[in-house]
1. If the viscosity is 1.306 mPa s and the temperature 10 °C, what translational diffusion coefficient in µm²/s does Stokes-Einstein give for the chain when Rh comes from Kirkwood over Cα pairs?
2. Pull up the cross-link candidates among the aspartates and glutamates for LYS176, meaning alpha carbon to alpha carbon under 14 Å and not fewer than 8 places away within one chain.
3. Suppose R0 equals 41 Å. What FRET efficiency, 1/(1 + (r/R0)^6) with r the Cβ-Cβ distance, do THR265 and GLU201 give to the nearest 0.05?
4. Using a probe radius of 1.4 Å on heavy atoms only, what accessible surface per residue do you get for the chain? Whole Å² is fine.
5. Take the residue pairs LYS69/LYS324; LYS69/LYS221; LYS272/LYS324; LYS69/LYS272 and return only those whose Cα atoms are more than 28 Å apart.
6. Determine the gain in length on full extension of the stretch HIS297-SER138; use 0.36 nm per residue of separation and subtract their C-alpha separation, reporting nm with one decimal.
7. About its Cα centre, what dipole magnitude does region 197-339 give when the only charges are +1 on Lys and Arg Cβ and -1 on Asp and Glu Cβ, stated in debye to the nearest 20?
8. Does anyone have the angle between helix 218-228 and the longest principal axis of the chain? Alpha-carbon axes, 0 to 90°, nearest 10?
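The values are calculated or read from the model by the stated rules, or taken from the named source; none is laboratory data. If you're wondering where the values come from, they're calculated on a predicted model, not measured in any experiment. Here the Cβ positions follow ideal geometry from the backbone for every residue, glycine too, while neighbour counts run over all protein chains shown. Keep in mind that these areas ignore ligands, DNA and RNA; they rest on the heavy atoms of the full protein, side chains included. Shrake-Rupley method; radii C 1.70, N 1.55, O 1.52, S 1.80 Å.
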Amino acid sequence: MQENTHTTVHQFILDRQNDFSFATGELSRLMRDIILASRIVNRDVNKAGLMDILGNYGSVNVQGEEVKKLDVRANEEFINALKRGGECAAVISEEDEETNHINTRGAYIVAMDPLDGSSNIDVNVSIGTIFSIYRRLSPVGSEVTMEDCLQPGVNQVAAGYILYGSSTMLVYTTGKGVNGFTLDLSIGEFCLSNPNVMTPEVGNLYSINEGNYQKFPEGVKNYIKYCQEDVKADKRPYSTRYIGSFVADFHRNLMKGGIYIYPGTDKDPNGKLRLIYECNPMAFLVEQAGGRATDGHTRIMELTPEKLHQRTPVFIGSKTMVLKAEEFMQAQAEQVNGG
Ligand code: AHM
Ligand code: MG
């Protein structure tokens, strides 16, 4: 029989335990809990059409059982795994308005979007889970405070995503580079497939919902024009690629080189994506892979959250491309201030 020589994610974490900011094994156990829940969610995602879990939350299936939307169910799976594990003090989730207080003896705060890309869930298009881990600021054993939950992204000790795509992948960082693992269904383990991921300095993909073009700030409109110009020397015009699932769009651009933008508009100056559990974890990952993430002016990870579900504009991806988009935003700001 052929020997399986793949490194599983658990082996990888054990080997790298000293890389963790806190080498006590707690963070490894927290990762173990997240990974377990992601495998359960992966199973549900793969069988979604057969499980009465597509569609709207609140309805009742033919057996008279309550039908749970897949994102609600994923939220429960992650929270249950984190409750069982004991290392997590509280969870901030896109699915819950308030913080979930889990265990006062836990040392970590987990922020997550259990299943991002909800518009794609029912139509079999890639979706993902995004997670971010902070060490709590208040003493272990006490109640978790709002200050624990509203930490800036620079305080993250780990972050990552699970992409439920043509294969299922886990990509994460603990601040020492980015590594990617592919779920091998035959053994039920994530195995190292993409060690030391670095994103290209520049790519030729731009990802933005251009249906909103009329509402975009001038700086973004001008950057899109720049992307579309015919300049062979720097691979322009770039190609548009937009799935509408942040994890899938981010992952493709991370691997191939590109920029993802969800800008603010006059009506929604903070855009759509959430700072704590969507933008900060991706910003941590992209920076660790050599890329850049800003709100058009300021580094995402230096923004101070004021509320749990705060939104922020986001420009994220290959460094040179994000810097160029910022130049256009800066030019717009100068024009406004000058005039
Ligand atoms: P969600 O958290 O409700 O799923 O919304 C986040 C999603 C992202 O995955 C995606 O990039 C974006 O919203 C797409 O929004 P739009 O349809 O406005 O382009
Ligand atoms: Mg989301």
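1. Working: Rh = 20.7 Å.
Translational diffusion coefficient: 77 µm²/s.
2. ASP15, ASP19, GLU287
3. 0.90
4. 45
5. From the list (LYS69/LYS324; LYS69/LYS221; LYS272/LYS324; LYS69/LYS272), the Cα-Cα distance tops 28 Å for LYS69/LYS324; LYS69/LYS221.
6. Extra length available between HIS297 and SER138 comes to 54.1 nm.
7. My answer is approximately 380 debye.
8. 90
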